[in-house]
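Novice: Sharing a structure below in structure tokens format, with a few things to ask.
The values are calculated or read from the model by the stated rules, or taken from the named source; none is laboratory data. What you are looking at is a predicted structure, and each value in this text was computed from that prediction instead of being measured. FYI the Cβ positions are ideal-geometry reconstructions off the backbone, even for glycines, and counts take in every protein chain you see.
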Amino acid sequence: MPHNIALIDDHHLLREGLANIVNRMGPYRVTMEAGNGREFVSKLQKMGLDSAQAPTIAVVDLNMPVMDGFATLAWMREHAPTIMPLILTFDADDDTLLRAVHAGARGYVLKNVRPTILKEALDSLVRTGYYSESTSEDMAPAWSAADGYNKARTEVVENLTAREMEFIQLVCDEREFTYEAIAERMNVHRRTVDNVRTTVFDKFEIKSKTGLVLFSMRWGLLPPEGAAVP
């Protein structure tokens, strides 16, 4: 079964080249292109989410005129939650990527990656709902079955201490606490927080704060939306 892709980027040549690449990636096909978020919203509303052409994944540029990627992510999160957004960007700094993830992105890839990485990201979105280069794929070999996911998630949770779980939930909180603020809330020294961070990152091969947020969303480690960590 093909998976429909929307490409949202204000650079026409990039979109055209990306469409050619994606359309050669087996089960993926580009069914919608837009130069900014407003154009995407207009096209999607005309098409309808129940259309056979409606996208299941949207590849979104962050820096666009009229309606940028952040606003587009927020709109999808509220009005089209069945579409999984994948950020395509040149900007890899953690603050920007975290803002995108909190707005609704399910993962990100850089614009200079090879097509094989983009294919890996699309495959991961289809299998798991998320993509991060720093997540442990070998922990979940049976994504098509709910019991496979549940078993893998149990292994992840059992491999975390209470302090590590508290750290993860504070790092992933949308209030975006600094590590100093996290240390204060955990009532420990900053050095202890650094040690916990290193342990968690090493344990699950995580490379960045954004990777940790995506990892935590993927494995259901965070409180329900609206239930902020005290």
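Novice: Among the residues of the range 39-53, are any in a helix (DSSP H, G or I), in contact (Cβ under 8 Å) with a residue 60 or more places away in the chain, among the hydroxyl-bearing types (Ser, Thr, Tyr) and assigned by TED's automatic domain parsing to the domain that holds Asp10?
Specialist: No: zero hits.
Novice: Go through the residues of the range 91-101 one by one and say whether even a single one is among the small types (Gly, Ala, Ser), under 16 Å from Lys209 (Cβ atoms) and not in a helix (DSSP H, G or I).
Specialist: Within the range 91-101 (the criterion being among the small types (Gly, Ala, Ser), under 16 Å from Lys209 (Cβ atoms) and not in a helix (DSSP H, G or I)), the answer is yes, since at least one residue qualifies.
Novice: Checking the conditions here, which among Arg218, Arg175 is closer than 23 Å to Thr96 by Cβ, surrounded by fewer than 16 Cβ atoms within 10 Å (Cβ to Cβ) and either among the hydrophobic types (A, V, I, L, M, F, W, C) or modelled with pLDDT under 90 (or both)? If you could, list the steps in order and put the result at the bottom.
Specialist: Working: Arg218 fails: surrounded by fewer than 16 Cβ atoms within 10 Å (Cβ to Cβ).
Just a single option satisfies the conditions, and that option is Arg175.
Residues checked against (1) crowded, with 23+ Cβ neighbours inside 10 Å; (2) in contact with a Phe, Trp or Tyr (Cβ under 8 Å, 6 or more places away or on another chain):
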position	(1), (2)
Val66	no, no
Ala71	no, no
His79	no, no
Thr82	no, no
Pro85	yes, no
Asp94	no, no
Arg99	no, yes
Gly104	no, no
